[in-house]
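A quick write-up on the structure given underneath.
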Amino acid sequence: MGLYLLDYGAGNVQSLANSLTKLGHKFTWISQPSDFAKATSLVFPGVGAFETAIQHLADRGLLEPLREYINSGRPYFGICIGMQVLFESSDESPSKGLGIIPCHISRFDDSNKSVPHMGWNTADLISTSQASESEGIEESSFYYFVHSFCAKYDYERYPKAMEWAYTTTQYGDEIFVSSVRKNNAFGTQFHPEKSGTAGLKLIDEWLSKPESSHTHAPPSIPKPITPRPEHRLTKRIVACMDVRANDQGDLVVTKGDQYDVREKSTTSDSSSIKANTAGAVRNLGKPVSLAEKYYSSGADELCLLNITSFRHSPLHDQPMLAVVRAAAQEIFVPLTIGGGIKDTVDPDGTKRPALEVASAYFRAGADKVSIGSEAVYAVEKLLATGEKGKGAIETIAHAYGKQAVVVSIDPRRAYVDPETYDGPYKNELVYGKPDGPETERGKAWWYQCTVSGGRENRQLSVLQLAKGVEELGAGEILVNSIDRDGTGLGFDLDLVNLVRKNVRIPVVASSGAGSTEHFVDVFRGTDVEAALAAGIFHREEVKIEEVKEALIGAGINARIVPQ
Ligand code: 1PR
């Protein structure tokens with residue numbers, strides 16, 4: 001008897017488990033159909049893809065028991081896919097949902113905005129009278145959404161289904177149902193387990209209610225809702241931690257200048273050029289304690305990059321998995337893990353496909369994985385042979401949804417003489433800009449992709465890579481810049497705009513932030529959804545709270561966390 005959680009076996013459910021543990025709620029996993037009979041309340045944190053969820057539930061004999069459970073009148077809380085399964089069908093999949101809510105789930109229109117809808121947005125109660133028996137949703141709070149498909153709020157076409165609508169949210173000019181509530185069932189399209197303290201409060205309130213308070217009647221009366229001039233989706237601020245083993249073997253957060261993470265030697269001896277780049281690995285702190293610090297300062301997302309990929313450990317002993325596990329227990333905003341997400345081989349010869357590597361990180365508590373070098377190779381293959389479908393991006397996106405797959409690009413400017421250059425990237429050249437090193441003045445450049453943390457240049461431009469990974473099914477692009485990394489000169493707006501204007505998935509600008517103004521510049525000068533920084537946060541030159549205040553002062557929508 002008691003609280004049960006449903007895991008369909010291919011989604012990241014660890015985040016919800018962590019939030020329940022943090023809140024002190026005990027729970028049991030549903031592992032077989034007969035467990036449903038023992039549940040007095042049930043939470044289904046369905047992160048991932050609709051089709052995978054339905055198929056896995058059906059294959060494990062859990063779909064019908066789930067329907068019976070919900071129809072039995074016992075409390076049900078579905079999150080994201082856990083809410084969407086209540087509906088009839090989805091553009092995402094030929095498989096049918098439970099059909100409890102008579103409405104179709106459709107894809108967002110990406111003609112005038114990025115899809116997935118990713119980030120912090122508000123949830124507006126349909127009726128103010130609902131506030132009195134609230135589910136803990138506050139209109140002043142922001143909640144974390146990540147999805148490409150939604151139940152559009154359409155009370156004329158689906159009047160019965162819209163009775164279920166408890167809150168709506170606007171993205172672009174589309175209004176969708178962001179939570180549903182009727183009788184014993186409640187569901188949110190957003191992720192309360194990833195929505196910081198606002199989300200934890202919501203979960204706690206739902207779990208703390210007596211069973212009798214979970215019966216809701218009468219339902220809301222559907223009514224027209226006019227879109228506002230602008231949605232409330234905020235610009236995200238991401239704190240990034242590059243993690244590697246230092247020379248003593250401890251995992252530390254480090255930070256390079258243009259990807260060189262070692263201290264510069266202080267020697268002036270001109271014969272020791274080697275020593276100039278061979279100092280100790282910079283140690284800026286411990287990954288888990290820094291992650292906790294950034295979470296409480298209001299970071300909207302955290303990113304942990306394994307920049308040495310700890311090549312010699314078997315997958316299940318990867319030191320980075322332990323870091324992710326520990327961080328995920330304490331932080332309740334999205335966590336992206338990058339570095340080494342590719343097909344690997346354990347030291348004993350066991351092959352680990354990229355999907356298995358990613359799954360290990362998702363089980364440890366990651367919400368997204370970030371793919372670097374492997375994405376470059378995949379696009380090179382795509383351009384050379386047209387081959388796609390079996391790589392890391394595609395297999396992970398198929399199982400976990402494209403929103404879980406970030407591609408991290410590490411470009412470097414390739415300078416050319418604009419008078420004489422007649423190479424394949426002449427349509428991508430950036431001309432006449434005063435920035436760049438003294439030695440390259442007067443030259444133009446294109447943005448060249450690299451692999452292995454910038455160690456190797458490839459004959460592939462950023463534009464080719466960005467378009468290619470979008471075609472392969474990536475859900476977001478992180479645009480680093482080796483030229484700007486660690487320099488504090490500000491984001492490379494030419495680079496960021498190049499990517500932003502050529503793809504329809506969310507883009508994160510990275511590298512070069514040196515002041516709060518640089519964040520304002522990147523959001524004014526480009527349409528990116530998020531901006532990432534590392535060095536200035538690690539060295540405490542700028543606090544995340546100060547960045548948010550600067551954004552709000554400049555009229556840019558940002559999420560402030562009450563301290
Ligand atoms: O190729 O899939 O194994 O992924 C490796 C990942 O590790 C990639 O995401 C790559 O960017 C990252 N990486 C590899 N080597 C380094 C290095 O520094 N030597 N870190 C590295 C890259 C770049 C940013 C950085 C921003 C902001 N870090 O994430 O945090 O530039 O810095 P700033 O605000 O201080 O300017 P794979």
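No lab work stands behind these numbers, since they all come straight from the coordinates. No experiment lies behind these values; they were computed from the predicted model shown. Neighbour counts are summed over all protein chains in view; Cβ atoms, including those assigned to glycine, are modelled from backbone coordinates with ideal geometry.
Would you list which lysines come within 25 Å of residue 235, measuring only between C-alpha atoms, while excluding same-chain residues fewer than 8 positions from it?
Excluding near neighbours in sequence, the set is 113, 152, 194, 201, 255, 293, 368, 402, 467, 501, 543, 548.
Tell me, for the chain, which Cys residues have no other cysteine's C-beta sitting closer than 4.7 Å.
80, 103, 150, 449
Please state the relative contact order of the range 50-174 as a whole percent: Cα pairs under 8 Å, 6+ residues apart? Don't skip to the end; give the middle numbers.
Numbers: 169 pairs, mean separation 28.2, N = 125.
Averaging sequence separation for qualifying contacts and normalising by length gives 23 percent for the range 50-174.
Using the Karplus curve 6.51 cos²θ - 1.76 cosθ + 1.60 with θ = phi - 60°, work out ³J(HN,Hα) for each residue of the range 495-509 in order, rounded to whole Hz, and write x for Gly and Pro.
5, 5, 5, 4, 6, 4, 7, 10, 9, 10, 9, x, 10, 10, 7
Could you give the distance between the Cα centres of the range 75-93 and the range 154-172, to the whole Å?
Cα centres, the range 75-93 to the range 154-172: 14 Å.
Please give the calculated 222 nm ellipticity per residue for the chain, where each DSSP H segment of at least 4 residues contributes -39500 (n - 2.57) and the sum is spread over every residue; nearest 500 deg cm²/dmol?
Values: 17 runs with 150 residues, N = 563.
Only helices count here, giving -7500 deg cm²/dmol.
Please give, to one decimal in nm, the separation of the simple spin-label points placed at residue 209 and residue 246, each 7 Å out from Cα toward the Cβ.
Label at residue 209, label at residue 246, 5.0 nm between them.
Counting only the backbone N, which residues of the range 336-351 are under 11 Å from the spot 7 Å out from the Cα of residue 381 toward its beta-carbon?
Residues 343 fall inside that zone.
By how many nm would the segment from residue 552 to residue 263 lengthen if fully extended, with 0.36 nm per residue of separation less the alpha-carbon distance? Walk me through the intermediate numbers first.
Values: separation 289, 0.36 × 289 = 104.04 nm, distance 3.61 nm.
That pair, residue 552 and residue 263, stretches by 100.4 nm at full extension.
With r defined as the distance between the Cβ atoms of residue 68 and residue 223 and R0 fixed at 35 Å, what FRET efficiency is calculated, to the nearest 0.05?
Values: r = 33 Å, r/R0 = 0.94.
Efficiency, from the Cβ-Cβ distance: 0.60.
Under a 5 Å amide H to amide H cut-off, with H placed in plane at 1.01 Å, what residues pair with residue 46 once short-range neighbours are removed?
79, 81, 82, 83
Tell me, what is the FRET efficiency for residue 560 and residue 60 to the nearest 0.05, using R0 = 60 angstrom and their Cβ-Cβ distance as r?
On the way: r = 43 Å, r/R0 = 0.71.
Efficiency for this residue pair is about 0.90.
Between 0 and 90 degrees, rounded to the nearest ten: what's the tilt of helix 373-385 against the longest Cα principal axis of the chain?
That helix lies at roughly 90 degrees to the long axis.
Going 7 Å from the Cα of residue 435 toward and past its Cβ, which residues in the range 524-540 have a backbone nitrogen under 14 Å from where you end up?
From the range 524-540, the list is 524-526, 532.
Residue-wise, which Karplus ³J(HN,Hα) couplings in Hz belong to the range 512-519, taking 6.51 cos²θ - 1.76 cosθ + 1.60, θ = phi - 60°, and x for glycine or proline?
With the stated coefficients, the range 512-519 comes to x, 4, x, 7, 5, 4, 5, 6 Hz.
Taking 0.36 nm per residue of sequence separation and subtracting the Cα-Cα distance, how much length would be gained by fully extending the chain between residue 37 and residue 197, in nm to one decimal?
Values: separation 160, 0.36 × 160 = 57.60 nm, distance 3.20 nm.
Full extension from residue 37 to residue 197 adds 54.4 nm.
Taking 30 Å as R0, compute the FRET efficiency from the Cβ-Cβ separation of residue 1 and residue 109 and round it to 0.05. Spell out each step's value before the answer.
Working: r = 45 Å, r/R0 = 1.51.
The formula returns an efficiency of 0.10 here.
Quick one: Cα centre-to-centre distance for the range 397-425 and the range 224-239, in angstrom?
29 Å
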